[in-house]
Structure formats: structure tokens, C-alpha cells
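Below is one structure; the comments refer to it alone.
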Amino acid sequence: MKKMYRYKDGNTLVNVSSSILKYFGVSPQHKTYEPLDKLLEKNKDKKIVLFLFDAMGKKTLTTYKDVAPFIYKHKFQTVSAVFPPTTAASTTSICNALYPSETGWIGWWAYLNGTLCTSFSSQIYNSEEFMSPTIGETLKYSSIFEQINEKNGADIACSVQSFALKDSSMKGLIDEVERKLPDKKYIYAYLTEPDHYMHTLGEINDTTKGIIADIDNQLKNFVERHKDVLILSLADHDMKNTVPVEYHQDIFDLAKNHIFSIEPRAATFFVDKDKHELFYNLLKKYYEDDFDIYTKQEVIDLELFGPKETRSPYFDKLLGDFLLVSTGDKVFTFPNGEALFANHAGGTEEESLIYLSKYNFQKPCSNSNKAFEMIIILFILLHLNCFFVLSFHLSFYI
């Protein structure tokens, strides 16, 4: 029986991004996120800034709520990352309102044409060289910023990425957002933290605590300075302390390039067809207790990465013959590679759940509120009518 957490379409980062598209007049390919639609309907014709804090999901924000009271207080709904819950997949889905199966952006590591490289930089594993063409060039997509700009006939939407700034802190990110805000109507602002230090130091540590406190303080000040701007914040995934699995040489001897790809907690292996049965039996022998084990066809049919009918032609090339999804705390490591204290991209619910927080929004009227408003209006009209009737009769005596 499979144990991994499965998101529901309608409640994911794709749906949140689809609501942004809808707000700016673009017809999204997927469902919108209804709770956000209702808010946006009540707050028309305003600018939007969406902040994404890497790895600051529901569990992390709850853990550090004492130093992030502003963000925690303004939490609105719980949404889910896409699968796998990792930066390469989730931030891409935020930026194009599509699922990983549709974009090919399925994880940090990409194995393509016999070469393993990182998705974002395209640097080849164990090398100083880079893949050419890059993964970004191969998996090029139309961003929601381009779609919004095209629909509106003006350059009104953009992204700001902290890693591309001279000052990559929260302050540096906000400074750049404020520099662009006068000319933009939608800005997506991505911060690389607190992901980095959670990877290297674990879920709970003083460095992460200080970073999250600064994020909360800087965001509070930004919100207060821009009362006329609709502001949202969320994450791409959460984090989990992990333990490396036992290394089995016979597994890696059978795998092409003697390596896995996608993610250490969502690891795919490419294996020659005549070795499939042997490899599958070894996977069950070593890893069945800690991982859900899927064949390539099962992954496609179950739509773990998103819809199969609209999937990218590169998805099938990047997905290996087998996929192992960690359902506990276990994680694969590269041969002779250093293990990180915490990871993500696995199949636990805690890695996927994210708080969506909102600021400067007017609340949409509920049905009960609308009914109450109607009663008040009728009450006023009734009294006005009585007043005019009384005034009419009194006029005969004056």
C-alpha cells in the first residue's frame, strides 16, 4: 500500500498562480484557487506583490511563530506544494501556473542525454563544466509575467529573485521590489532563505530563527508602507530532518551512470530493460519500508507530477524507469557525497503543506454578512417611510 501524501488539484500553488492570471484577465489552463478568487473579487484594480520564502512552509512557520507573529497572524489558508515539494518544481509552477509534468521542471537534478546536471545552473555533476544547451533553454516556458504583459499590452508584471541581487537579504529584496513597484501591477518576489541554513543546520537552529525574525519584521514594515497594495506570502515547500539510507553497491551498479536523479527524497533511476526485474526486486528488498516504489508507467498513470495528457515531451525523458519516494525520514546521498541535515521533496504531508498569508485585503462579505446588511437597509427604509408618512399627516395640522 502506498503511503505518500497526494495533493488535490484546486488547492495547490498552481491554482494560486492561476488566480493571479485570472485577476489580470488571462484565462488559466488549470483551476483557480477559490478562496483567493473571492478575496481578489472584493479588491479589484489593485497592485499585487507575492512573496515566496523558500522552505518556510506551514510546519516551519508554526515552529517559529514566536519570532514571526506578523506573518503567522495573517495566515489565510493552507495550500499544497506540487510534487515533488522542492524549489525547482514549486517555484516554476508559481511562475507558469502549470504542473511539473507539463513543464519538465521536476527536481533539482536532471538526467538528460546521459548527463546529470543541476536544473537551475546546468552544472554537470562532479564537473566544472555546464550542459549545453542549458536545462533552462531546453525546458523554456511562457511565464505568467509574459502572459499578463501580453494580455494587458504593457510591461506590468515581473519577478524579483534575491539570488540575482547584490544584497540578497530580505531588505535587499524589498528594496528592489519598492524600486519596481511604481511601474508594476504584479511582482513576484522570491527569497532563498530560510532554506539554506535549514539544509545545513537542521530544521531548528538559531541562525534560521534570526533570519525568519528579520523576514517577519521587514515584511511588516513593507506592508505598513504600502496600504494600497495587496500583499501575499507563502513558501515553495517545507523541510524535514533526514537520515541517509544505507548505501547498497549492487543498486548503483545496475543504475545507468551509477547515480540517481530528480531529488534525494524522490529519486529516479535509469536502468537497462533487461535488468528491470532484478533491480525492482532489490529495491523492494532494501527500501520497501522507507520508500514508495513506482515504475515509470505507474508514475505517469497516477499523475504524481501532474496531468499525463498535457505532459511535456521532456517529462518522459527526465523520468527514470523507477521512482522511490521517501515516506519517512530517509534520504539518498550521492556516492562519497556529504549528507545534509534536513531535506525536502519527499512524500510526507509536512513537506508539502504551506500557509498562504494575506495583507491589506478587504474581507469578502459572507452570506450571513450580506443578509445582515440587507436587514439593516430594510430597517432604515422602513423607518424613513414611517417618518415621511408621519410628516405628511402632521402637515395638515400645521
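Of the DSSP H helices in the chain, those with a Cα length along their own long axis of 30 Å or more and a mean Kyte-Doolittle hydropathy reaching -1.0 comprise 367-395. Here the relative contact order of segment 244-331, from alpha carbon pairs under 8 Å that lie six or more residues apart, stands at 40 percent.
When nucleic acids and ligands are ignored and a 1.4 Å probe is applied, Arg6 ends up with an accessible area of around 100 Å². For the chain, the Kirkwood estimate of hydrodynamic radius, built from reciprocal distances between every pair of different alpha carbons, is 22.9 Å. Each Lys and Arg contributes +1 and each Asp and Glu -1, all at the Cβ; summed about the Cα centre of the chain, the dipole is approximately 1700 debye. Legend: distances between Cα atoms for Lys184/Lys220; Lys22/Lys296; Lys8/Lys75; Lys75/Lys151; pairs beyond 29 Å are Lys22/Lys296; Lys75/Lys151.
Rounded, prolate or oblate: which fits segment 104-240, taking a ≥ b ≥ c as square roots of the Cα gyration tensor eigenvalues, rounded meaning a/c under 1.5, else prolate when a/b beats b/c? Oblate is the answer for segment 104-240, as a/c is 1.5 or above yet b/c matches or exceeds a/b. For the chain, the 222 nm mean residue ellipticity estimated from helices alone, with every DSSP H stretch of n ≥ 4 adding -39500 (n - 2.57) and the total spread over all residues, rounds to -11500 deg cm²/dmol. Placing a pseudo-label 7 Å from each Cα along the Cα-to-Cβ vector at Thr310 and His196 gives an inter-label distance of 3.5 nm. The overall shape of segment 271-325 is oblate: from the C-alpha gyration tensor, with semi-axes ordered a ≥ b ≥ c, the ratio a/c is 1.5 or greater and a/b is no larger than b/c.
Spin-label model, Ser142 to Asp289: label points 7 Å out along the Cα-to-beta-carbon direction sit 5.1 nm apart. Note on segment 204-244: Kirkwood radius taken over Cα pairs, Stokes-Einstein applied at 10 °C and 1.306 mPa s, translational D equal to 126 µm² s⁻¹.
What is the percent carbon and sulfur in the accessible area of the chain, measuring with a 1.4 Å probe over the protein chains and ignoring ligands?
Carbon with sulfur: 53 percent of the solvent-accessible area.
Other residues with beta-carbon under 14 Å from the beta-carbon of Glu176 carry, at +1 per Lys or Arg and -1 per Asp or Glu, a net charge of +1.
The values are calculated or read from the model by the stated rules, or taken from the named source; none is laboratory data. All values reported here derive from a predicted model rather than from experimental measurement. As a convention, Cβ positions derive from the backbone with ideal geometry for all residues, glycine included, and neighbour counts pool all protein chains shown. Remember, those area values only see protein heavy atoms, side chains included, never the ligands or the DNA or RNA. Shrake-Rupley method; radii C 1.70, N 1.55, O 1.52, S 1.80 Å.
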